[in-house]
1. When the helix-only estimate is applied to the chain (DSSP H runs of n ≥ 4, each -39,500 (n - 2.57), divided by the residue count), what is the mean residue ellipticity at 222 nm, nearest 500 deg cm²/dmol?
2. Straight-line reach from K140: which lysines have a Cα under 27 Å away, not including same-chain ones fewer than 8 places off?
3. Along its three principal axes, how long is the range 5-150 when you only count alpha carbons? Whole Å, largest extent first please.
4. Can you tell me the accessible area per residue over the chain, all protein chains present, probe 1.4 angstrom, in square angstrom?
5. Carbon-plus-sulfur fraction of the accessible area of the chain, 1.4 Å probe, in percent?
6. Mind checking the angle between helix 41-53 and the chain's longest principal axis? C-alpha axes, 0 to 90 degrees, to the nearest 10.
7. When the scattering of the range 86-148 is computed by the Debye formula from its Cα atoms alone, each counted once and equally, what is log10 I(q)/I(0) at q = 0.25 Å⁻¹?
Amino acid sequence: MSHTPPHSFSRSPVEEVFCCCTCGPGAKSLSLIVPPPYPGWPNIRDRISDMIAGAGEVSRITGCMLRYTDLIPVADGKNLPGTEDIEHVISERFNCYSDNAQNEIVLISTEIPGNAGSICSLHNRPGKPGWTLIFTMRTKGPARFVSGDSVVNWFDDARAGIHGLFDLIVPEEIVQALR
C-alpha cells in the first residue's frame, strides 16, 4: 500500500489512538492507548513494536485493530458533513453502508486486502464541542503474521488508510485551519 506523507498539523486533532492485537485461544490480547497530546506516529510505532514483543510468539497474533479518535474544533454555525454526506464520498471508492443508529459508515473492505473499517461522525458530543471523527481499521477473520515487522507494517498500512479517509471527508478549509 502506498503511504501519503503524514499530516503536519500545528494543532493536531488527535484525541486518542488505540491499538490492539488479538491473540489465539488461551492467549491474552494486547492493547495500547495513546492519550493526547499526540506524540507522532514514530513514537506510537515504537510503542507498538514493544507491545508486539510482549506477545512472545508472533504467530499467536490473529488480528489487529487501529482506532484514531480526532476532535476537530469548529466554529459555531459551521456546516459539517453529515453521515450521509460522508457515505456518499466514501462509497465512490469503497464498498460501505451507513449504520444510522451508530452514526457510523461501515467499510466492508479497505485498500488493505482482508481488512474492514468504519468512520463514526459526531457533532458536539457532551463535554467535547467540535466535530469528533472516529476512524477504525481492523483485520477481517483470522490473520497470519510471520514476524513482528509484518505486524508493525499492518499498523503502518492501517494508519495510512485512516489518513486517506481523513483527507477524503474533512473539508479543505478545516484542514488549512489545523496547519
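The values are calculated or read from the model by the stated rules, or taken from the named source; none is laboratory data. None of these values were measured; they are calculated from a predicted model. For accessibility, only protein heavy atoms count, side chains too; no ligands or nucleic acids. Shrake-Rupley method; radii C 1.70, N 1.55, O 1.52, S 1.80 Å.
1. Per the formula, -9000 deg cm²/dmol.
2. Cross-link targets: K28.
3. 52, 33, 30
4. 52 Å²
5. Roughly 50 percent of what the probe reaches on the chain is carbon or sulfur.
6. Between helix and principal axis, roughly 30 degrees.
7. -1.04
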